[in-house]
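Read the figures in this text as sums done on the coordinates, not as results from a lab. Keep in mind the model is a prediction, meaning the values are calculated, not measured. In this analysis, Cβ positions are derived from the backbone assuming ideal geometry, glycine residues included, and neighbour counts consider all displayed protein chains.
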Amino acid sequence: MPIPWVCVMPDAPNMLQRLQVARTLEPDDGYYKRRIDACDFSLEGFVVSPTRLHGVGQAVTNGTIGLEIADTGRYFAAAYSRGPQRHFTLRKLTLQPNDSWREEIVHESVHAAFDLAKETPADDLDEAAAYLAGAVFIIAGGLKITYPGADEGSNILNAANEAVERLKLHERKGQRLRREQVRDLLAAINAHPGYQSN
């Protein structure tokens, strides 16, 4: 019996990874949909919403936002680049994503959503909104990730978790947050060496 032709595109892993990113932001599964839908708040007028996250998923699907697997620097597992060559950079190929990977995608997608809307929040507000969205995504799933240690990265993640739980961001949609409500998170971001150059 002849073996059927199988066409394997040279960029198949990248395409599969893009599909995983899009599925994270536009999930079919009710559990993950509920978690994306919980990402619904604003910080100093900059809106994070399920609609905007879905829009980022669509932009990844149609190629408006690209994706590369490359070094993301000393401190970060993922990054987003703005502008005409907008794209996600992921440290490694992950075709079986876990919640930590999905949280990173939600985080970077907040930056992408602001970019697509041609909005430019101050760097610390941009990061704070992204960390809050990531924490909402985790906590709305009934999960709790604590980050041991007192390094700068753990301080940011723990401050984001604390703010989400204190403000009930994962339960009360549409909250309009002000800078002073997340001052500990902003302080942790501004103390992180990876954000010092911003």
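Below is a table of values for the structure above.
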read-out: Which numbered condition LEU177 fails, given (1) free of Cβ contacts under 8 Å to residues at least 60 places away in the same chain; (2) over 17 Å from HIS107 (Cα atoms); (3) crowded, with 17+ Cβ neighbours inside 10 Å; value: (1)
read-out: Of all residues making up segment 153-170, the number that are without any contact (Cβ under 8 Å) to a residue 12 or more places away in the chain and either hydrophobic (A, V, I, L, M, F, W, C) or over 25 Å from TYR80 (Cβ atoms) (or both); value: 2
read-out: Segment 56-84: number of residues that are farther than 21 Å from ILE36 by Cβ, hydrophobic (A, V, I, L, M, F, W, C) and assigned to a loop (DSSP other than H, G, I, E, B); value: 2
read-out: Residue match in segment 85-96 (condition: within 26 Å of SER154 (Cα to Cα) and part of a helix (DSSP H, G or I)); value: no
read-out: Boolean, LEU90 is out of contact with any Gly (no Cβ under 7 Å at 6 or more places or on another chain), loosely packed, with under 13 Cβ neighbours inside 10 Å and more than 19 Å from LEU185 (Cβ to Cβ); value: no
read-out: Close pairs (6 angstrom Cβ cut-off, 6 or more residues apart or separate chains): closer than 16 Å to ALA38 by Cα in segment 97-116, of a type in the set (Phe, Trp, Tyr) anywhere; value: GLU103/PHE137; VAL106/PHE137
read-out: Test: residue in segment 66-85 that is among the charged types (D, E, K, R) and under 15 Å from the mean Cα position of the chain (by Cα); value: yes
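To keep it simple, each residue is scored yes or no on (1) without any contact (Cβ under 8 Å) to a residue 60 or more places away in the chain; (2) small (Gly, Ala, Ser); (3) within 27 Å of GLU165 (Cβ to Cβ).
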{"site": "ALA12", "(1), (2), (3)": "yes, yes, no"}
{"site": "GLU26", "(1), (2), (3)": "yes, no, yes"}
{"site": "LYS33", "(1), (2), (3)": "yes, no, yes"}
{"site": "ALA38", "(1), (2), (3)": "no, yes, yes"}
{"site": "PHE41", "(1), (2), (3)": "no, no, yes"}
{"site": "GLU44", "(1), (2), (3)": "no, no, yes"}
{"site": "GLY73", "(1), (2), (3)": "no, yes, no"}
{"site": "SER81", "(1), (2), (3)": "yes, yes, no"}
{"site": "HIS87", "(1), (2), (3)": "yes, no, no"}
